[in-house]
Each structure stands twice: as C-alpha cells, then as structure tokens.
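Below is one structure, written out as structure tokens, with a few remarks after it.
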Amino acid sequence: MLILKKKCLTKVVVITFLIMLVLQHVGAPHVFSQTNLNKKNEFFPGDAMRVSFIDIYKRTDRGGASLDIGGDYTIDGRGYIMLPLVGQFKVIGYDRYTLAEKLAEIYKPYFTEPYVAITPLIRLTIMGPFFRPGSYRISSESSLWELIERAGGPQVNCDLNSIKVVRNDEIVIENLLASFEKGYSLEDIGVKTGDQIIARNKRDFGFRQVMEYVRFGMSLASLYLLILRWEKYKN
C-alpha cells in the first residue's frame, strides 16, 4: 500500500512538472513580445506621429459609412496632438502600442470596432549638397536612403562617404554610410530625434589646388637654382 502511494505521488509530481514546462514554453514568447513592445514614452514635443485608422466605419442610423481620418499629427510643446472628433489628447508618457489601444478605446463611440496603428516620426535636419536640404519628420524605422530621397537625393558633387550625424554640436556618428551597412533602419544605427545629418562636397581639383601645386613647383625650382649657384660658387 505504501509503495503504491509513493508511485502515485511520483506520477503526480512528474505530471505537474511537465505541465509547468509546457505553460512556460507557451507563455514565454508572449512575455518576450510584451517586453520588446513596452517602450516607455516614445513621443516628445516637436515630434510627430502617423495615426492610421484601419477599416473604420462611422456609426450612423443607416449603418456604417467608411471614413478616413488618419494622418500625421504634430506634438505641441505641452505634449498634445489635435485629433478629429476628439480634440486635444496628451501623448507624452505613452509608447506606440499603449497609445494605439487608448485611441481605439476613445474612438469606440464614433466608429465600429476601430483599429488604430501608431508610427512615431522623428525630427531630422539634413544639410549639405542635396536638392532639398532641410528639416523632415520621418519614421525611425525608415532607412538612410528614404531620408535622402525625401531631401531630393544627392547632387553630383555630394560626398556620401562624408555623411555624419551631429547631436548637440557633437559628432556622434563619423561615417553614417559605413554605420548604415550594419543596420537597416535609422533607429538601428543610433539616429535620434533632433539629429543633424550633414554631408560635404567632393574635393574637386579646383583653382586653389592648382595654385598650391604651382607654388610647390616654384619652390622646387628655387631650391634647384640655389643648389646650382652653390655648386658654381664652390668651383
């Protein structure tokens, strides 16, 4: 009888252990994804966000009417955006995922089962020999080439190997093109909102370089004449 009880107890322990392993295996990916998605406060004053409302239908007496109110919204100095139908809403302190859930909840009285997607847009200033240099708001998940395309593309005399990232008057990435080869997006390579992307002109063989070579040649000629005179004086 005692042996039978021990065998039953052993089976219970083994079954319990196996159940715990299965639950951990099933639950681990969910916990991991939540950890990755929980980026606290992705939004800052002066930045913007792209709000996408997917397959939303306005509640009407006659049924549902399709409506698109998505777009890019600028965050003001107090951390608010101005949303259609809702008005001002403070976004500081949210990440993109919790904000999407919050907006979906807020728009429930207006739409049937609203689904909201949020894309943070960072502020970058691109300077140098580009066709449309200036300040742009772009997704941090965009590539360097997408940013350059927004700036109209590089001019013929643009040295792409000279592109650097300046933050608070300090160079934080010396060769952005080389860094870009190690990561796909701007976020991957460490570009942040407010950064300056700066390129310089290619070093052309211009008048200044010609004059420098002329001076160097004249110096060599003077030295040669001086040596000849010295040899003549010795003889």
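Key figures
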| read-out | value |
| --- | --- |
| Förster radius 41 Å - calculated FRET efficiency between ALA117 and LYS202 (Cβ-Cβ, nearest 0.05) | 0.50 |
| Sequence-distant residues sharing a close amide H with GLN155 (under 5 Å, placed H) | PHE130, PHE131 |
| Candidate aspartates and glutamates for bridging to LYS202, where Cα separation is under 19 Å - those fewer than 8 sequence places away on the same chain excluded | ASP159, GLU174, GLU212 |
| Using a Förster distance of 45 Å, the FRET efficiency for LEU85-ASN161 (Cβ separation, nearest 0.05) | 0.35 |
| Distance between modelled label sites at TYR97 and ASN168, nm, 7 Å Cα→Cβ extension | 2.9 |
| Neighbour-count order for MET127, MET49, fewest beta carbons within 10 angstrom listed first | MET127, MET49 |
| Per-pair calculated FRET efficiency, R0 = 30 Å: ARG78 and LYS192 via Cβ, rounded to 0.05 | 0.90 |
| Label-to-label distance, nm, for residues given as PHE216 and ARG229 (7 Å Cα→Cβ offset) | 2.5 |
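Every number in this text was worked out from the coordinates using simple rules, so none of it is lab data. Since the structure is predicted, the reported quantities are computational estimates derived from the model, not experimental observations. Virtual Cβ from ideal backbone geometry, glycine too; neighbours counted across all protein chains shown.
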